[in-house]
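Asks: Quick one: the structure is below, and I'll ask about it shortly.
Computed from the coordinates by the stated procedures, all read-outs in this text should not be read as laboratory data. Computed from a predicted model, the values in this text were never measured in an experiment. Here the Cβ positions follow ideal geometry from the backbone for every residue, glycine too, while neighbour counts run over all protein chains shown.
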Amino acid sequence: MTKSGDLIALWRSIVRPFPAWSLGFDFLFSPATYRLLGTDLTTPSIARDRRVRNMAGFLGNAPADVCARLMQLARINADRTEAFFKASAVTYVSLPIALAALISDVAPSEVHDLLSDWLPHIAVVLFGLIVGPLYYFAGMWRAKQILWAIELCMVGAVDPLAPPS
């Protein structure tokens, strides 16, 4: 495997435990997300998370240059997911609301008739317009969690999980 292939394989092993779809569950059950109160949002929450501690085990065995490149990948990933979230929020939410407001000002009675006749279909479209940005938000949040976790591991604030016996 190439040097970049090794880096990507390590990256994927670190990212895999952080799927975007599970963010809702983690807000309820994971100390890394539901303890977001106070002035110290690092060590009491993220550092105790099982996935982050597992990541610390991966990073503890990696050379310093590999950890630095993983940090760069995490920053690139966080920046990209944030850009996609912002773009989806504008595209899926702001533009349709602005367009609906413009049309309702120009032709209010026609909009009222359209809403009355097509409300179930419009509700499905609105639901779809809301789900897209929410999923991009979850991806952005996960990307930032990965970045924060790598940073905490690199400064030594996370104890790796003990290997299973």
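Asks: Given Cβ point charges of +1 (Lys, Arg) and -1 (Asp, Glu) and nothing else, what value in debye, to the nearest 20, does the dipole of the chain about its Cα centre take?
Replies: With only Lys, Arg, Asp and Glu charged at Cβ, the dipole is about 860 debye.
Asks: Return the single residue from A83, A123, A20 with maximal mean-square fluctuation; model: Gaussian network over the chain, springs between Cα atoms under 10 Å.
Replies: Ranking A83, A123, A20 by mean-square fluctuation puts A123 first.
Asks: Normalised by the number of residues in the range 3-154, what is the relative contact order in percent for Cα pairs under 8 Å and 6+ residues apart?
Replies: Answer for the range 3-154 is 37 percent.
Asks: Also, quick follow-up: When the convex hull of the C-alpha atoms of the range 3-154 is computed, what volume per residue in Å³ does it have?
Replies: 141 Å³
Asks: Another question, then. What helices does the chain hold that run 24 Å or longer along their axis, going by alpha-carbon atoms, with a Kyte-Doolittle average of -0.5 or more, using DSSP H for the helix calls?
Replies: Once both thresholds are applied, what remains is 64-89, 108-154.
Asks: Averaged across orientations, what area in nm² does the convex hull of the alpha carbons in the range 43-83 project?
Replies: The directionally averaged projection comes out at 3.4 nm².
Asks: Hey, another quick one. If neighbour count is taken as other Cβ atoms inside 10 Å, put R12, R80, R51 in order from fewest to most.
Replies: Fewest to most other Cβ atoms nearby, the residues stand as R12, R80, R51.
Asks: Another question, then. For the chain, with a Gaussian network of springs between Cα atoms less than 10 Å apart, report the residue from S94, S104, S22 with the top mean-square fluctuation.
Replies: S104
Asks: Related question: Add -39500 (n - 2.57) for each DSSP H run of 4 or more in the chain, then divide by its residues: what number comes out at 222 nm, to the nearest 500 deg cm²/dmol?
Replies: That comes out to -24500 deg cm²/dmol.
Asks: If you take the beta carbon distance between Y135 and D65 as r and set R0 to 22 Å, what does 1/(1 + (r/R0)^6) give as a FRET efficiency, to the nearest 0.05?
Replies: For Y135 and D65, the calculated efficiency is 0.05.
Asks: If the range 78-133 were replaced by its equivalent ellipsoid, with semi-axes equal to the square roots of 5 times the Cα gyration tensor eigenvalues, what would those be, largest first, whole Å?
Replies: Each semi-axis is the square root of five times an eigenvalue, giving 28, 14, 4 Å.
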